[in-house]
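The block underneath contains the structure these notes are about, expressed in structure tokens.
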Amino acid sequence: MIDISQYVMPELIAANLDAANKEGAIRVLVEKVFKKKDVFAGKISFEKALEEVMAREKMQTTGLGQRVAFPHARIKGWEKFVVVIGINKKNIDFNSLDGLPVNFICLMISSTEEPYIILQTMSAIIRFLNETKYIDTLFNGMSAGQISEKFKEHNLNATKTIRAGDIMRPVKASVKMDSSVEDVTRIMHLSHLDIVPVIDSEGRICGQIACSEIFLHGIPEFFKHLNTVSFVRHIDPFEKYFKIKKELKARDIVVKDTTVISKDATLLEIVFELAVKNQSKLFVVDDGKLVGEIDRFSIIDKILFF
């Protein structure tokens, strides 16, 4: 177990972060690290650290949703893992996955010799924010010292085991059983989704709809028994589909045999489903409710290149 609260120090908390954009916010937080350069950075310069953090941010946003962001970098030769927290009430645009602005920013820098400590710390802090609801109050104007104490009062431990809840992504979009297929296809188009989950009124997953289900529904039945379509290649396979799609509902084409995993599923279980069982996407549930999703890119993004 790793005690994450040991890294949350008052001198590394900007309780009233003054920044107009994410570049400015990240710069302020990196500057805080370099007030204690000899402790954390070793021979790494401020410019190098800032460049590495911004390069990671340009690869993909670290705004994970729910108004939090975790800009970070793993730098060869970095001396000691550091966590810097900034709280901003002005709403900073991080191009977050859920589209919401960010108020809580947690900058982390580690050496390349500690590949998982950033991910483990992120998971523990997200859990802390969700359980305490401090993200809703933005710590009610507390001082840096008071915020640090709140972290220490909480059981802020991180395990060395990577679980589904640590690497899942927010669900981009979902549909209901009574959604029209016309609406389903529109949502898939706007969200750039190949697969969309189908949920009930309580947020429990009922199944999924993939583009393949829509394609198969539009193709005439006899096509499915042909070895080639060369002799009928000019036929519009969706002619029938477009005539009846207004009456179609999600329930008419939903696939209920959907692969779901618990948010406590281990990395080995996740990789087994994605690689060995060849699942393209896994839906993560907590107490039966859909809370996230994992695909193969999630493993590359969060584990291999996080």
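Where a number appears in this text, it was derived from the coordinates with a stated rule and is not lab data. All values derive from a computational prediction rather than experimental measurement. Note: ideal-geometry Cβ built from the backbone for every residue, glycine included; neighbour counts use all protein chains shown.
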Cut-off 14 Å (backbone N to label point 7 Å along Cα→Cβ of residue 271), residues of the range 282-296: 296
Each label sits 7 Å from Cα toward the beta-carbon; between residue 55 and residue 98 the label points are separated, in nm, by 3.1
Counting Lys +1, Arg +1, Asp -1, Glu -1, what net charge surrounds residue 263 among other residues with beta carbon under 13 Å of its beta carbon? -2
Residue 215-residue 36 pseudo-label distance in nm [points 7 Å out on the Cα-to-Cβ vector]: 5.5
Alpha carbons only, please: Rg and Dmax for the range 79-212, in angstrom. 18.9, 56
Taking 151, 297 and counting other C-beta atoms within 10 Å, the order from fewest to most: 297, 151
Tell me which of 151, 70, 291 sits at the most positive position along the dipole axis of the chain, charges placed on C-beta atoms (Lys, Arg +1; Asp, Glu -1). 70
GNM flexibility winner over the chain from 212, 111, 143 (Cα, springs under 10 Å): 212
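Between residue 11 and residue 286, what is 0.36 nm times their sequence separation minus the Cα-Cα distance? Round to one decimal in nm.
Details: separation 275, 0.36 × 275 = 99.00 nm, distance 3.63 nm.
Length gained between residue 11 and residue 286: 95.4 nm.
Mind sorting 97, 119 by how few other Cβ atoms lie within 10 Å of their own Cβ, fewest first?
Numbers: 97 17, 119 20.
Sorted ascending by nearby Cβ count, the order is 97, 119.
Report the FRET efficiency, 1/(1 + (r/R0)^6), for residue 262 and residue 177, where r is their Cβ-Cβ distance and R0 is 25 Å, rounded to 0.05. The partial results should precede the final answer.
Details: r = 23 Å, r/R0 = 0.93.
Working from the Cβ atoms, E equals 0.60.
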Could you give the C-alpha radius of gyration of the chain expressed as a fraction of 2.2 N^0.38 Å, taking N as the number of residues it contains? 1.19
Just to be sure I understand the model, the point goes 7 Å from the Cα along the line to the Cβ. What's the resulting residue 89 to residue 133 distance in nm? 1.9
Dmax and Rg, reported as Rg then Dmax, of the range 4-77 (C-alpha, Å): 12.5, 35
For the range 127-177, what does the convex hull of the Cα positions come to per residue, in cubic angstrom? 134
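Among 106, 211, 206, which comes first, then next, by fewest other beta-carbon atoms within 10 Å? Each step should come with its number before you reach the end.
Values: 106 22, 211 13, 206 18.
Ascending Cβ contact count within 10 Å gives the list 211, 206, 106.
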Using Cα-Cα distances under 8 Å and only pairs 6 or more residues apart, what relative contact order does the chain have, in percent? 17
So how much slack lies between residue 27 and residue 113, counting 0.36 nm per residue of separation and subtracting their Cα-Cα distance, in nm? 28.5 nm
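Pairs 150/289; 48/90; 43/76; 172/263; 176/277; 58/150: which exceed 21 Å Cα-Cα?
Details: 150/289 29 Å; 48/90 28 Å; 43/76 10 Å; 172/263 17 Å; 176/277 27 Å; 58/150 32 Å.
Violating the 21 Å limit, Cα to Cα: 150/289; 48/90; 176/277; 58/150.
Residue 152 to residue 190: extension gain in nm, 0.36 nm per residue of separation minus the Cα-Cα distance?
Numbers: separation 38, 0.36 × 38 = 13.68 nm, distance 4.29 nm.
Result: 9.4 nm gained on full extension.
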